[in-house]
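Quick notes on the structure that follows.
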């Protein structure tokens, strides 16, 4: 049986100074120890697959870190990959399924905030990119690749990051921030609407079950509920 892989990813925006490497190893060691197993006086620990996501890249920012662990039984060394937000295009993010990068995508544009804030055309170009993001998230939700909660979380975190790093740029805040807040409201409204529609379907199914002239499969077809949902309602009906 293949062991389940554990991943540990940290975000960093400061100038590289070596401190994050120490912090990463401390967390990795704690994760390994927390999930360690002792069998016949043998402790087995498994370190997670670790990576660092740099939100801001500098000339000093390397492409990898390295652990060198010297033990009485020998030396172990391995690389810790470094990811840089600026190196990922929107197509990269969606094609490779790196949706966790979306809230931090705005860092790729941070150096141009002043221009976006004073140039309406440039700001519209930035807004167009975020319209693409929202559209592609909608498509992923419709395909069932992500759930409504996942999409809502990505949009919510994106808005929080934009609010935090664009504090000094009112037009950027309003242009992109308002767009993300609008998407949040729309997502919430759609969720409430869908809940209402689903409840109406269930009410209709309960009535059909009460009449008792249709099979569970027929009720599922007419109400557009799943057979499992109708069966669950049938169980509730029986109890009542």
Worksheet item: Filter region 163-180 for residues that are free of Cβ contacts under 8 Å to residues at least 60 places away in the same chain and part of a loop (DSSP other than H, G, I, E, B); which is nearest to residue 121 (Cα to Cα)?
Response: 169
Worksheet entry | Meets criteria (out of contact with any strand residue (DSSP E or B) (no Cβ under 9 Å at 6 or more places or on another chain), closer than 30 Å to residue 139 by Cα and either touching a residue at least 12 places away in the same chain (Cβ under 8 Å) or assigned to a loop (DSSP other than H, G, I, E, B) (or both)) for residue 94 | yes
Discussion item. Being in contact (Cβ under 8 Å) with a residue 24 or more places away in the chain, touching a strand residue (DSSP E or B) at 6+ places or on another chain (Cβ under 8 Å) and surrounded by 17 or more Cβ atoms within 10 Å (Cβ to Cβ) narrows it down to one residue among 101, 126; which is it?
Written reply: 101
Worksheet entry | Flag for residue 30 being in a helix (DSSP H, G or I), loosely packed, with under 14 Cβ neighbours inside 10 Å and not assigned by TED's automatic domain parsing to the domain that holds residue 172 | yes
Worksheet item: over 19 Å from residue 108 (Cα atoms), part of a helix (DSSP H, G or I) and either at pLDDT below 85 or assigned by TED's automatic domain parsing to the domain that holds residue 94 (or both): does that describe residue 160?
Response: no
Worksheet, complete the sentence: Counting only residues that are in contact with a helix residue (DSSP H, G or I) (Cβ under 7 Å, 6 or more places away or on another chain) and in a loop (DSSP other than H, G, I, E, B), region 55-91 contains a total of 4
Worksheet item: Can you find even one residue in region 138-155 that is touching a helix residue (DSSP H, G or I) at 6+ places or on another chain (Cβ under 6 Å), in a helix (DSSP H, G or I), within 30 Å of residue 25 (Cα to Cα) and not assigned by TED's automatic domain parsing to the domain that holds residue 14?
Response: yes
Practice prompt. Report the residue count in region 1-33 for those that are at pLDDT below 90 and more than 21 Å from residue 63 (Cα to Cα).
Written response: 6
Response to the item:
Among (1) surrounded by 13 or more Cβ atoms within 10 Å (Cβ to Cβ); (2) in contact with a strand residue (DSSP E or B) (Cβ under 7 Å, 6 or more places away or on another chain); (3) more than 27 Å from residue 177 (Cβ to Cβ), residue 46 falls short only on (2)
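The values are calculated or read from the model by the stated rules, or taken from the named source; none is laboratory data. All figures in this text were calculated on a predicted structure; none of them were measured in a lab. Because the Cβ atoms are built from the backbone with ideal geometry, glycine has one as well, and the counts that use them run over all protein chains shown.
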